[in-house]
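In what follows, a structure is listed as structure tokens, so that the remarks can point back to it.
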Amino acid sequence: MKRGLRRFLRRRGASDVEIDNAARNGYLALLVLDREIMPGPRIYTSAQLAERAGTDAATARTVWRAIGFPDLPDDLRAFTERDADALRGLVERIESPWFLDWGLDRAVPLARVLSSSFARIADAETDDLARSFALAHNAGLGDEELADLLTQRFDFEDISRLLDHTHRLQLRAAVWRRLVASDPSQPGAVTAAVGFVDLVGYTALAQVLDDDELADLVKRFGDVTHDTIVAAGGRLVKTIGDEVMFVTDTPTTAAEIALGLVELTETDDVLPTVRAGLAFGPLLAREGDYFGPMVNLASRLTEVARPGTVLASEGVGTGLANEVRFEVRRITSRKIRDIGRVEVYRVERG
């Protein structure tokens with residue numbers, strides 16, 4: 001093994017035993033990634049981590065589960081000084097909050113949101129790493145050669161800076177959006193448009209497409225919906241299989257997004273046609289998601305919409321009444337599952 005590679009791993013906390021085991025079993029490249037992402041020797045058990053962070057074992061275990069990881073054996077030394085610093089920072093904030101009563105009951109839900117979001121980011125990053133590993137192996141690189149290459153090319157600090165900057169940009173936008181546009185006496189209550197866009201016939205397609213074709217379809221749907229929603233000024237809330245949920249400040253923006261996605265998919269070589277449902281009114285914003293009757297109504301309208309159409313609630317229909325860009329037609333009152341009879345409008349281009 002190259003001495004430079006061993007020095008690299010030692011500086012990042014790997015022991016000689018770990019390095020030799022990795023070399024013998026062919027996972028040096030993985031060890032390099034592991035210690036570049038999370039440097040430092042693994043020196044603390046769960047109980048020692050809690051003690052080092054100034055808290056009890058139950059709190060440490062609760063936080064560890066909240067960020068998405070299972071309980072570990074009591075005698076396993078799995079934690080670094082960085083783990084202890086992170087937990088200590090959380091404990092200190094709980095013990096000395098701002099003017100808010102911010103305790104473990106708020107920290108745990110926030111940790112769960114962060115965990116699910118970062119898990120998805122990590123999966124996307126690993127997709128690229130897996131492709132890179134495959135290309136390296138196809139090019140004839142052995143494990144040690146790939147490990148040595150990673151020490152030169154893979155810099156997690158660059159990725160970390162990008163994640164931090166993106167977080168700051170999103171947090172700044174959310175602060176202005178939530179604290180200026182909403183009633184401070186009712187935290188989380190907002191008035192907005194919510195929409196769902198659904199791929200028509202996705203279940204049947206998934207049965208006949210091979211893995212690569214299905215992956216291309218899912219990726220294309222994600223790319224098109226994200227770019228269309230964001231470019232118009234909306235916010236992508238989540239992707240639910242073959243469906244996306246978004247929110248906007250106005251019915252006008254919501255209609256523009258829904259119709260834009262219908263038009264794009266009608267001429268797309270990969271995607272089937274979509275259908276959409278929109279509603280406008282009070283929403284409850286919690287943990288990065290939105291709830292309330294308007295959300296349920298928009299989802300149900302999507303279910304009853306025909307391929308290539310956009311159905312809307314009365315709130316959206318009224319909001320678009322004077323917009324010459326759109327033609328809004330009241331269809332009829334319909335009985336919507338789990339909701340009852342409501343006025344339904346069809347939105348088209350003016």
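The values are calculated or read from the model by the stated rules, or taken from the named source; none is laboratory data. Every value quoted in this text rests on a predicted model; they were computed, and no experiment measured them. As a convention, Cβ positions derive from the backbone with ideal geometry for all residues, glycine included, and neighbour counts pool all protein chains shown.
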Somewhere in the range 257-265, is a residue in the same structural domain as Val218 (by TED's automatic domain parsing), outside any helix (DSSP H, G or I), touching a Phe, Trp or Tyr at 6+ places or on another chain (Cβ under 7 Å) and crowded, with 21+ Cβ neighbours inside 10 Å?
no
If we only count helices (runs of 4 or more DSSP H) wholly inside the range 147-253, which ones have 2 or more residues that are touching a residue at least 24 places away in the same chain (Cβ under 8 Å), over 17 Å from Val270 (Cβ atoms) and within 18 Å of the chain's Cα centre (by Cα)?
156-181
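Quick grid of which residues meet (1) closer than 20 Å to Pro109 by Cα; (2) touching a residue at least 24 places away in the same chain (Cβ under 8 Å); (3) in the same structural domain as His137 (by TED's automatic domain parsing); (4) not hydrophobic (A, V, I, L, M, F, W, C):
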| position | (1), (2), (3), (4) |
| --- | --- |
| Phe8 | no, yes, yes, no |
| Ile43 | no, yes, yes, no |
| Thr55 | yes, yes, yes, yes |
| Arg65 | yes, no, yes, yes |
| Leu72 | no, yes, yes, no |
| Leu76 | no, yes, yes, no |
| Leu90 | yes, yes, yes, no |
Would you check which residues across the range 66-119 are under 24 Å from the mean Cα position of the chain (by Cα), of a type in the set (Lys, Arg) and part of a loop (DSSP other than H, G, I, E, B) and list them?
none
Report, by residue number, each residue of the range 320-341 that is of a type in the set (Asp, Glu) and within 12 Å of Thr252 (Cα to Cα).
Glu323, Glu327
Give Arg306, Arg286, Arg275, Arg325 a once-over and let me know the one that is without any contact (Cβ under 8 Å) to a residue 40 or more places away in the chain and basic (Lys, Arg).
Arg306
Of the residues in the range 14-29, how many are touching a helix residue (DSSP H, G or I) at 6+ places or on another chain (Cβ under 6 Å) and either surrounded by 15 or more Cβ atoms within 10 Å (Cβ to Cβ) or outside any loop (DSSP other than H, G, I, E, B) (or both)?
5
Could you look through the range 192-221, keep only residues that are touching a strand residue (DSSP E or B) at 6+ places or on another chain (Cβ under 6 Å) and among the small types (Gly, Ala, Ser), and pick out the one that is surrounded by the fewest Cβ atoms within 10 Å (Cβ to Cβ)?
Ala192
Quick one: would you say Phe246 is modelled with pLDDT of 90 or more, out of contact with any Leu (no Cβ under 7 Å at 6 or more places or on another chain) and crowded, with 22+ Cβ neighbours inside 10 Å?
no
Residues Val63, Val32: which one is outside any loop (DSSP other than H, G, I, E, B), modelled with pLDDT under 95 and in contact with a Leu (Cβ under 8 Å, 6 or more places away or on another chain)?
Val63
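Can you name every residue in the range 269-292 that is assigned to a strand (DSSP E or B) and buried (at least 17 other Cβ atoms within 10 Å of the Cβ)?
Step one: filter the range 269-292 for residues assigned to a strand (DSSP E or B), giving 274-286, 289-291.
Those that are assigned to a strand (DSSP E or B) and buried (at least 17 other Cβ atoms within 10 Å of the Cβ): Val274, Arg275, Ala276, Gly277, Leu278, Ala279, Phe280, Gly281, Leu283, Ala285, Tyr290.
Tell me which strands (runs of 3 or more DSSP E) are completely within the range 294-350 and hold 3 or more residues being not aliphatic (A, V, I, L, M), or say none if there are none.
Working: elements: 310-312, 326-336, 340-349.
Where strands (runs of 3 or more DSSP E) fall fully within the range 294-350 and carry at least 3 residues being not aliphatic (A, V, I, L, M), they are 326-336, 340-349.
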